[in-house]
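The values are calculated or read from the model by the stated rules, or taken from the named source; none is laboratory data. These numbers were taken from a predicted model, which means no experiment stands behind them. FYI the Cβ positions are ideal-geometry reconstructions off the backbone, even for glycines, and counts take in every protein chain you see. Please note that ligands, DNA and RNA were not included when accessible areas were found on the heavy atoms of the full protein model with its side chains. Shrake-Rupley method; radii C 1.70, N 1.55, O 1.52, S 1.80 Å.
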Amino acid sequence: DNRTYCSIVIFGATGDLANRKLFPSIYSLYKKGKLNENFSVIGVARRELDNEAFRNNVRTSIQESKIELVDNVETFLSHFHYVSFDVTDKQHYQDLNMLLHDLEGQFNIPGNRMFYMAMAPEFFGTIASYLKSEGVTNDQGWNRLIIEKPFGHDLPSAQKLNNDIREAFQEDEIYRIDHYLGKAMVQNIEVIRFANAIFEPLWNNRYISNIQITSSESLGVEDRGGYYDQAGALRDMVQNHMLQMVSLLAMEPPISLTTEEIRSEKIKVLRAIKRMTVDEVDQYFVRGQYDEGNIYGKDVPAYRSENKVDPQSNTETFVAGKLSINNFRWAGVPIYIRTGKRMTEKSTKVVIQFKELPMNLYYKSEDNMHPNLLIIHIQPDEGISIVLNGKKLNIPGETTPVKLDYCNNCLDESNNPEAYEKLLYDAILGDSTNFTHWDEVALSWQFVDTIYKAWENNKVSDFPNYRSGTMGPKVADDLLAEDGFHWWPIL
Ligand code: NAD
């Protein structure tokens, strides 16, 4: 497939992201024959390294990723080159350009260039403007930019970052990574909805009572305390991943499955999310911070005792919220989201709770009929469960919940590519469907900025307010209880 003939320049090639995700993904694509011999990878970072040392790093990172190395690994590694780089030095961009030209000749690559920003965002603007001014983007084939989160820390900073990179790249050349969009079951939301006659007719406020999206982590901040203490759960998770899942769940069926049509439906959802005033935020959003506790039998410290975290930090490590989408399909259906660190388990899932039947013929007591649920398991389990009511064996007139499970990653895990591998391949092919458009970024920041404004005015007094190893603070349960609902436990 000559659409994959390209050079990939990775800024930040000695970093964690490059080593843990990018090198293994590129190798996996190569091993599967999706990348043939017409590619090159240029690693760029501050450190002095020669090609051989860099290739050794790449080999090690693949080994650590548990992808099995096969005989062709040395040939694969010969496509990798390293440039030690100061991002503010013009000369280095010219050297990079020369090397790109050489490798394009050597590997017969038609000038297609992918620039992957795997380093701190404060340099993105500088890099983009030099790439352009020094002619690195000025070539025969395509130029594309892949850029990581965080995309700004609020709307104004995101706007500035966007203006900076737009100096060198057009919107359709920019691939903003939200790695949730690379996950198999997130991509599957669209299929479940639009390929099944039994769901789409029910997918509205007549039949759905509420939707719950949970993304819980059992880990704390680990060694990212410095970044996280400035960011918090709302910026780190809600602005991007959680709101992306909301828009996929709530969007109207697109006219077709093209990037433009899907994006435009997702953007409409983000526009329809009911805006809050700063004064209303406390009715809809609550926050938490973890205390010490016990997870999987191990004692863990409180957030405020973590490395590089301010001992008086008011940063939220947990957020729960209630969203309303003001359109014909969703008016009146609350969408609850929650995400946090140091929760009971690592799990991302969506629970769609259907409304009760108009009349319950099996009524015995409050709890003898279970609402129908559709559960989409996103990680680490991937699959779908449906909760129905069946007959209780040998007891006339009584029902019992029955759960039907479909497990996606139980079938063949080895065949299931990692999110980064899928997204990188999409970007190489020029498919930006599973990347976030600027309009989505801007609308999400606008929504999230209001919450931060309210929280800044209204400092917390009860942090830490949930123990590590629990599903978050009590206020998150109250949020649903007010509406007569509760979070569905692990089913
Ligand atoms: P890291 O600190 O491990 O690596 C940073 C890299 O940038 C290193 O290779 C370093 O040499 C290089 N670098 C830094 N300053 C430089 C300079 N002035 N000139 C040249 N090179 C320079 O960071 P990371 O964890 O790999 O993250 C990179 C980016 O990806 C960040 O924006 C981060 O927020 C984002 N991200 C990372 C992950 C992850 O899993 N690590 C996940 C999502 C997003």
Extreme residue, most open to solvent (accessible area, probe 1.4 Å), among residues of region 270-300 that are assigned to a loop (DSSP other than H, G, I, E, B) and not hydrophobic (A, V, I, L, M, F, W, C):
Y296
Filtered residues of region 9-23 (kept if near the ligand (Cβ under 8 Å from one of its atoms), in a helix (DSSP H, G or I) and touching a residue at least 12 places away in the same chain (Cβ under 8 Å))
L17, A18, N19, R20, K21
Output yes when any residue across region 137-151 is at pLDDT 95 or above, surrounded by fewer than 20 Cβ atoms within 10 Å (Cβ to Cβ) and more than 30 Å from the chain's Cα centre (by Cα), and no when none is.
no
Can you give me the ranges of the helices (runs of 4 or more DSSP H) entirely in region 25-133 with at least 3 residues that are within 16 Å of the ligand (Cβ to nearest atom), under 30 Å from the mean Cα position of the chain (by Cα) and surrounded by fewer than 19 Cβ atoms within 10 Å (Cβ to Cβ)?
51-64, 124-133
Residues of region 187-219 satisfying the condition of being of a type outside the set (S, T, Y) and within 16 Å of the ligand (Cβ to nearest atom)
E217, L219
So for region 206-216 (the condition being open to solvent by 20 Å² or more (accessible area, probe 1.4 Å), of a type outside the set (A, V, I, L, M), at pLDDT 95 or above and in contact with a Lys or Arg (Cβ under 9 Å, 6 or more places away or on another chain)), does at least one residue qualify?
yes
Of the listed residues (D229, D172), the one being more than 19 Å from the chain's Cα centre (by Cα) and either free of Cβ contacts under 8 Å to residues at least 60 places away in the same chain or surrounded by fewer than 14 Cβ atoms within 10 Å (Cβ to Cβ) (or both) is D172
What strands (runs of 3 or more DSSP E) completely inside region 347-438 contain at least 3 residues that are open to solvent by less than 40 Å² (accessible area, probe 1.4 Å) and either over 24 Å from L480 (Cα atoms) or aliphatic (A, V, I, L, M) (or both)?
347-354, 373-379, 383-391
Criterion first (free of Cβ contacts under 8 Å to residues at least 24 places away in the same chain and over 30 Å from E316 (Cβ atoms)) does I386 satisfy it?
yes
For region 89-136, what are the residues that are farther than 22 Å from L17 by Cβ and of a type in the set (D, E, K, R)?
D89, K90, D95, D102, E104, K132, E134
Please go through region 167-197 and give me each residue that is farther than 23 Å from C410 by Cβ and not in a helix (DSSP H, G or I), ordered by number.
E167, A168, F169, Q170, I174, Y175, R176, I177, D178, A197
Could you say whether any residue in region 250-258 is modelled with pLDDT of 95 or more, open to solvent by 20 Å² or more (accessible area, probe 1.4 Å) and over 30 Å from S432 (Cβ atoms)?
no
The number of residues in region 339-382 that are β-branched (V, I, T) and in contact with a helix residue (DSSP H, G or I) (Cβ under 9 Å, 6 or more places away or on another chain) is 6
